[in-house]
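Heads up, the thing below is written out as C-alpha cells.
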Amino acid sequence: MSEAVVGSRVQTQKYAVAKVSEIPPGGKKIVEAGGRSIGVFNIGGEFYALRNVCPHKGAELCKGQVKPYINSSGPGDFTYEREGEILRCPWHAYEFDIKTGCMIVDPVMRTKSYEVTVEKFDVTVEDGEVVVHV
C-alpha cells in the first residue's frame, strides 16, 4: 500500500493496528503498518504513533523507556512534568517528545510521527480500533 497524490494533498493508507483496550493509558504497542515498524502510545487516552527508528543511529526507539520531562531552574532544583510523554532511546538515551517525534535537546532532529485515530466500526461495539495513517 502506498501514498497517493490527490491534487496537492498526499493521501495516506489506514492500518487498524490494535483494539483500544490493548494499549491502556501509559501503555505502548509496537506494530507493523505499511512495511514500517511503528510504536503506538496512549497518553491519557490520546493515541500517538512514532516510527520505531532513532534518527541518531537507527536503534529500535520505541523499545526505550517512557519517562516524564525533567525541568530545572538551577542546581538541586528539578520538577517532573509531562508524565509519560518523553521516550528515551535504549541505545544512547536521546529523548524524544512522543506527541511530536522531536528530540528534546535538538527539536530539528526528529523521528517520523503519524496521525492516529480511533474508529468505531459498529455503534454496539465499545472497544474501537486504533488506526495508524501511514
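The values are calculated or read from the model by the stated rules, or taken from the named source; none is laboratory data. All values derive from a computational prediction rather than experimental measurement. Note that each Cβ is placed from the backbone with ideal geometry, even for glycine, and that neighbours are counted across all protein chains shown.
In this entry, residue 83 is excluded by the filter for residues that are at pLDDT 95 or above and part of a strand (DSSP E or B).
Only residues that are polar (S, T, N, Q) and assigned to a strand (DSSP E or B): list them for region 44-80, please. Don't jump to the end; show me each part of the working.
Taking region 44-80 as the starting set, the residues that turn out to be polar (S, T, N, Q) are 52, 65, 71-73, 79.
Those that are polar (S, T, N, Q) and assigned to a strand (DSSP E or B): 65, 71, 72, 73, 79.
Output the number of the condition that residue 107 fails; it satisfies all remaining conditions of (1) part of a loop (DSSP other than H, G, I, E, B); (2) under 25 Å from residue 11 (Cβ atoms). The one condition residue 107 does not meet is (2).
Among the residues examined, residue 26 does not qualify as free of Cβ contacts under 8 Å to residues at least 12 places away in the same chain, surrounded by fewer than 18 Cβ atoms within 10 Å (Cβ to Cβ) and at positive phi.
Restrict the check to region 65-80 and report whether at least one residue is within 13 Å of the chain's Cα centre (by Cα), under 21 Å from residue 32 (Cα atoms) and modelled with pLDDT of 95 or more.
Of all residues in region 65-80, those within 13 Å of the chain's Cα centre (by Cα) come to 65-66.
Applying the additional criterion that residues be under 21 Å from residue 32 (Cα atoms) yields 65-66.
From the residues that got through so far, the ones that are modelled with pLDDT of 95 or more too are 65-66.
Yes - at least one qualifying residue is present in region 65-80.
Restricting region 86-134 to residues that are under 18 Å from residue 45 (Cβ atoms) and basic (Lys, Arg) leaves a set whose member that is modelled with the lowest pLDDT is 120. Hey, can you tell me all the residues within region 11-37 that are under 14 Å from residue 119 (Cβ atoms) and either in a strand (DSSP E or B) or modelled with pLDDT of 95 or more (or both)? Residues satisfying the conditions are 14, 15, 16, 17, 18, 19. Cβ-Cβ below 7 Å, separation at least six or inter-chain, first residue in region 39-58 and touching a residue at least 12 places away in the same chain (Cβ under 8 Å), second among the hydroxyl-bearing types (Ser, Thr, Tyr) and in a loop (DSSP other than H, G, I, E, B): which pairs? These pairs meet every condition: 50/111; 51/111; 53/111; 54/94; 54/111; 55/111; 56/94.
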